[in-house]
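Have a look at the structure below, then the notes.
The values are calculated or read from the model by the stated rules, or taken from the named source; none is laboratory data. Quick caveat, the model's predicted, so the values are computed rather than measured. So basically every Cβ, Gly included, is an ideal-geometry build from the backbone, and we count neighbours across all protein chains shown.
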Ligand SMILES: Nc1ncnc2c1ncn2[C@@H]1O[C@H](COP(=O)(O)OP(=O)(O)OP(=O)(O)O)[C@@H](O)[C@H]1O
Ligand SMILES: O=C(O)[C@@H](O)C(=O)CO
């Protein structure tokens, strides 16, 4: 059966966030890691979310990966492509949201691309083109201290304008509240005026329903899970997708084995979650400095520590550190080199944990999850019940050996007890 919706996600946690939203809306969804190999047998789905690790790579690489994913999805009949980016618009002036949106626009023949990272359920709203995170503008939120892409401007028209070769317009909230027709009319007008993309305001889910209806009639949109919600509801309402409930129990059925968590996100939310986990499970704090200078030793010591404890319950291994410590390491080794070394280290630890018998694994951080999932060579996931807003339980699909349960947590998502909650939903006592 042909696909209805094709999604290209710029990181793996963002992909599972979007897959979670679609699944909750009754859209049968599959998450793949990269463009699937021709030999991979995939179950029927209405939507496929192709997870890329393209958020923080050079723009030309992100464009090439995204075009390959787009071609694969279109060849399977996807009538609309959503480019899933972070709800906090994680990017730099070099990209990659602008260059990828430009390239996908050309590949899909879209005149204009509606763009909105709004995700009201997690406090991301857009007004007059400015992104708010909870009660504060993006540039006053903890995202200003992000280790890879500090966000220092809340005006997304400016942010996207600096990254895109085209001109960026705005669909203001006034038009969105007036409904899908008003959004479509404004987009058409902006396209006639030579705009190639438009930031679309959204504060409530009802705004995203209007935007989703307008966007579903176009070939391409760029946004986060809120836009996914709008597109899903529009496609169900139009009869393009038949709503289906997931069998939550089936996802975790038959999967036991040891359990662990690995964290590389340095977000305020993850730092609090690690502090809370310390009260209930053994937590090892890695040295980022040693992961750069003596990676093999740091990884081996962490795995030896874990092996001694895994038999009695889950453990958490974290590279995560507060902004000051991260800044010190980056000043010494460089931002990219430090980030990559920590990602390689946490990925090697995830691999070692699975080698030691871990079958239930929670990973915090998008880049961190991407590096670990790649190292584990996992091709695809079935999407299960929601652990926290934006984070579903995942069951591996299509890999050699016994299936595993995973949770890939976006840095900013989940409540303080996230690790305990995720492990409990994996059946860990
Ligand atoms: N102690 C540390 N010092 C320097 N860099 C670190 C440290 N710990 C983690 N990092 C790096 O910080 C980056 C965190 O990015 P990651 O995407 O994993 O988390 P996040 O941005 O909070 O999550 P998301 O992308 O889902 O919002 C990674 O590149 C990781 O390797
Ligand atoms: O949209 C979000 O905030 C998340 O899915 C994400 O992409 C964080 O990496």
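Checking the condition assigned by TED's automatic domain parsing to the domain that holds residue 202, touching a residue at least 40 places away in the same chain (Cβ under 8 Å), assigned to a loop (DSSP other than H, G, I, E, B) and within 16 Å of ligand 1 (Cβ to nearest atom), which residue from 21, 88, 13 passes?
88
Quick one: is residue 108 in the same structural domain as residue 230 (by TED's automatic domain parsing), more than 16 Å from residue 34 (Cβ to Cβ) and crowded, with 24+ Cβ neighbours inside 10 Å?
no
Going by the structure shown, is residue 230 modelled with pLDDT of 95 or more and within 16 Å of ligand 2 (Cβ to nearest atom)?
For residue 230, the condition - modelled with pLDDT of 95 or more and within 16 Å of ligand 2 (Cβ to nearest atom) - is met.
For the range 419-429, does any single residue satisfy the condition of being away from ligand 2 (no atom under 13 Å from the Cβ), under 18 Å from the mean Cα position of the chain (by Cα), over 14 Å from residue 270 (Cα atoms) and in a loop (DSSP other than H, G, I, E, B)?
The answer is no, given that none of the residues of the range 419-429 is away from ligand 2 (no atom under 13 Å from the Cβ), under 18 Å from the mean Cα position of the chain (by Cα), over 14 Å from residue 270 (Cα atoms) and in a loop (DSSP other than H, G, I, E, B).
Look at the range 379-412 and say how many of its residues are surrounded by 20 or more Cβ atoms within 10 Å (Cβ to Cβ), touching a helix residue (DSSP H, G or I) at 6+ places or on another chain (Cβ under 6 Å) and part of a loop (DSSP other than H, G, I, E, B).
Qualifying residue count, the range 379-412: 4.
Taking the stated definitions as given, is residue 308 more than 8 Å from ligand 1 (Cβ to nearest atom), in a helix (DSSP H, G or I), farther than 22 Å from residue 377 by Cα and without any contact (Cβ under 8 Å) to a residue 40 or more places away in the chain? Please lay out each step first, then the result.
On the way: more than 8 Å from ligand 1 (Cβ to nearest atom): yes; in a helix (DSSP H, G or I): yes; farther than 22 Å from residue 377 by Cα: yes; without any contact (Cβ under 8 Å) to a residue 40 or more places away in the chain: yes.
The answer is yes for residue 308.
Yes/no matrix, rows are residues, columns are (1) at pLDDT below 95; (2) under 19 Å from residue 260 (Cβ atoms); (3) more than 16 Å from ligand 1 (Cβ to nearest atom):
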residue: 379; (1), (2), (3): yes, no, yes
residue: 397; (1), (2), (3): yes, no, yes
residue: 401; (1), (2), (3): yes, yes, yes
residue: 409; (1), (2), (3): no, yes, no
residue: 412; (1), (2), (3): yes, no, no
residue: 419; (1), (2), (3): no, yes, no
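Could you check, for the range 279-291, whether at least one of its residues is within 24 Å of the chain's Cα centre (by Cα), part of a helix (DSSP H, G or I) and free of Cβ contacts under 8 Å to residues at least 60 places away in the same chain?
So far as the range 279-291 goes, yes, one or more of its residues are within 24 Å of the chain's Cα centre (by Cα), part of a helix (DSSP H, G or I) and free of Cβ contacts under 8 Å to residues at least 60 places away in the same chain.
With surrounded by fewer than 24 Cβ atoms within 10 Å (Cβ to Cβ), touching a strand residue (DSSP E or B) at 6+ places or on another chain (Cβ under 6 Å) and closer than 19 Å to residue 148 by Cα as the only criterion, which of 9, 59 stands out?
Exactly one of 9, 59 is surrounded by fewer than 24 Cβ atoms within 10 Å (Cβ to Cβ), touching a strand residue (DSSP E or B) at 6+ places or on another chain (Cβ under 6 Å) and closer than 19 Å to residue 148 by Cα, namely 59.
So for the range 356-363 (the condition being within 27 Å of residue 399 (Cβ to Cβ), buried (at least 23 other Cβ atoms within 10 Å of the Cβ) and within 16 Å of ligand 2 (Cβ to nearest atom)), does at least one residue qualify?
The answer is yes; a qualifying residue exists.
Within the range 320-343, is there a residue that is buried (at least 24 other Cβ atoms within 10 Å of the Cβ), more than 16 Å from ligand 1 (Cβ to nearest atom) and either outside the structural domain of residue 23 (by TED's automatic domain parsing) or under 30 Å from residue 37 (Cα atoms) (or both)?
No, the range 320-343 has no match at all.
Collect the residues in the range 111-132 that are farther than 17 Å from residue 209 by Cα, touching a residue at least 24 places away in the same chain (Cβ under 8 Å) and either crowded, with 18+ Cβ neighbours inside 10 Å or within 16 Å of ligand 1 (Cβ to nearest atom) (or both), keeping them in residue-number order.
Residues satisfying the conditions are 112, 129, 130, 131.
If a residue has to be within 29 Å of the chain's Cα centre (by Cα), outside any helix (DSSP H, G or I) and more than 16 Å from ligand 2 (Cβ to nearest atom) to count, how many in the range 311-326 make the cut?
Residues flagged as within 29 Å of the chain's Cα centre (by Cα), outside any helix (DSSP H, G or I) and more than 16 Å from ligand 2 (Cβ to nearest atom) within the range 311-326 amount to 9.
Of the residues in the range 147-193, how many are in contact (Cβ under 8 Å) with a residue 60 or more places away in the chain and within 16 Å of ligand 1 (Cβ to nearest atom)?
Result for the range 147-193: 4.
Looking at 39, 107, 45, which one is assigned to a loop (DSSP other than H, G, I, E, B), more than 16 Å from ligand 1 (Cβ to nearest atom), in contact (Cβ under 8 Å) with a residue 40 or more places away in the chain and more than 18 Å from the chain's Cα centre (by Cα)?
Values: 39 fails: in contact (Cβ under 8 Å) with a residue 40 or more places away in the chain; 107 fails: assigned to a loop (DSSP other than H, G, I, E, B).
Criteria check complete, one pass: 45.
What are the residue pairs meeting all of these: first residue in the range 59-75, first residue in contact (Cβ under 8 Å) with a residue 40 or more places away in the chain, second residue surrounded by fewer than 16 Cβ atoms within 10 Å (Cβ to Cβ), Cβ atoms under 6 Å, and 6 or more apart or on different chains?
The qualifying pairs are 59/94.
So, in the range 388-417, exactly how many residues are farther than 22 Å from residue 271 by Cβ, without any contact (Cβ under 8 Å) to a residue 40 or more places away in the chain and either in the same structural domain as residue 89 (by TED's automatic domain parsing) or within 15 Å of ligand 2 (Cβ to nearest atom) (or both)?
0
Which helices (runs of 4 or more DSSP H) sit wholly inside the range 153-249 and have at least 1 residues that are touching a strand residue (DSSP E or B) at 6+ places or on another chain (Cβ under 8 Å) and closer than 20 Å to residue 123 by Cα? Write out each step before concluding.
On the way: elements: 156-163, 173-177, 180-192, 205-216, 225-237.
The qualifying helices (runs of 4 or more DSSP H) are 156-163, 173-177, 205-216, 225-237.
What number of residues in the range 344-354 are under 20 Å from the mean Cα position of the chain (by Cα), more than 8 Å from ligand 1 (Cβ to nearest atom) and touching a residue at least 60 places away in the same chain (Cβ under 8 Å)?
From the range 344-354, those under 20 Å from the mean Cα position of the chain (by Cα) are 344, 346-347, 350; that's our starting set.
In the following step, the residues that additionally are more than 8 Å from ligand 1 (Cβ to nearest atom) were identified as 344, 347, 350.
Now drop any that are not touching a residue at least 60 places away in the same chain (Cβ under 8 Å), which leaves 350.
Counting residues in the range 344-354 that are under 20 Å from the mean Cα position of the chain (by Cα), more than 8 Å from ligand 1 (Cβ to nearest atom) and touching a residue at least 60 places away in the same chain (Cβ under 8 Å) gives 1.
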